[in-house]
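J.: Dropping a structure here in structure tokens format, bear with me for questions.
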Amino acid sequence: MAIERTFSIVKPDAVAKNLIGAIYGRFESAGLKIVASKMVHLSREQAEGFYAEHSERPFFKALVDFMTSGPVMVQVLEGENAILRNREIMGATNPADALAGTLRADYADSIDENAVHGSDAPESAAREIAYFFSDEEICPRTR
Ligand code: RTP
Ligand code: MG
């Protein structure tokens, strides 16, 4: 299995609830390595650009309002099958549908405020990593 990178966000609801450490702990327990990380408070332009694929959806304004409502943590996770593995750790978009033990089942309040984001495919992972991080900001593990 190839080593992959994926892009992840701890969303404003989870940051406000002091869940950064708990969520990072889940990534690390699952064998995913954090190879880049920073806190940012997204501008509307940043959030609209990040979620541009959803710009025609009825929930788009609410999504941008939420994603700009407070700081987020953005990170690059590295490991075997990292994209799918992270989606498994996150659980379904709607926490009501998320499997027990997933981040959204345990920490999300609603489909609108659902604690975490994770890339859904290799193409989106590459685009989303580059949206927030330069190559110099990503630190591959040497040990
Ligand atoms: P994300 O991109 O945030 O990781 O979530 P996702 O892949 O599981 O879901 P996606 O379809 O990409 O939707 C992005 C975010 O939009 C909100 N959403 N609301 N009311 C709705 O029907 C609805 N559908 C999506 C969610 O907050 C979702 O995380
Ligand atoms: Mg998505």
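J.: Below 8 Å between Cα atoms, with a sequence gap of 6+, how large is the relative contact order for segment 1-87 in percent?
T.: Dividing the mean separation by the residue count of segment 1-87 yields 57 percent.
J.: So, in nm, how far is label TYR131 from label LYS38 when the simple model puts each one 7 Å beyond its Cα toward the Cβ?
T.: Simple spin-label model gives 1.6 nm for this pair.
J.: Could you tell me the relative contact order of segment 43-143? Use alpha-carbon pairs under 8 Å, at least six residues apart, and round to a whole percent.
T.: Relative contact order, segment 43-143: 21 percent.
J.: Now, a different point. Counting only protein heavy atoms, what percent of the accessible surface of the chain is carbon or sulfur at a 1.4 Å probe?
T.: Answer for the chain: carbon and sulfur cover 52 percent of the accessible area.
J.: Compute the Rg to Rh ratio over the chain from the alpha carbon atoms, using the Kirkwood formula for Rh, and round to two decimal places.
T.: 0.94
J.: Starting from the Cα-Cα distance between ALA92 and PHE60, subtract it from 0.36 nm times their residue separation and give me the gain in nm to one decimal.
T.: 9.7 nm
J.: Tell me, what is the per residue accessible area of the chain in Å², probe radius 1.4 Å?
T.: Per residue, the chain has 52 Å² of solvent-accessible surface.
J.: Starting from the 7 Å offset along Cα-to-Cβ, what nm value, one decimal, do you get for the label separation of GLU80 and MET1?
T.: It is 0.5 nm.
J.: Further, regarding this structure: Expressed as a whole number of Å, what is the distance separating the alpha-carbon centroids of segment 57-108 and segment 14-55?
T.: Cα centroid to Cα centroid, the span is 8 Å.
J.: How much length is gained if the chain between LEU99 and ALA22 is pulled fully straight, taking 0.36 nm per residue apart and subtracting their Cα-Cα distance, in nm to one decimal?
T.: 26.0 nm is the gain from fully extending LEU99 to ALA22.
J.: List the extent of the Cα atoms of segment 50-123 along each of their three principal axes, largest first, rounded to whole Å.
T.: Rounded to whole Å, the extents work out to 34, 28, 23 Å.
J.: Please compute the Kirkwood hydrodynamic radius of segment 26-70 from all pairs of different C-alpha atoms, in Å with one decimal.
T.: One over the average 1/r among Cα pairs gives 12.3 Å for segment 26-70.
The values are calculated or read from the model by the stated rules, or taken from the named source; none is laboratory data. Just so you know, these numbers come straight off a predicted model, no measurement behind them. A quick note on method: Cβ atoms are made from the backbone with ideal geometry, for glycine too, and the neighbour counts reach across all protein chains shown. Side chains included, ligands, DNA and RNA excluded: accessible areas come from the protein's heavy atoms. Shrake-Rupley method; radii C 1.70, N 1.55, O 1.52, S 1.80 Å.
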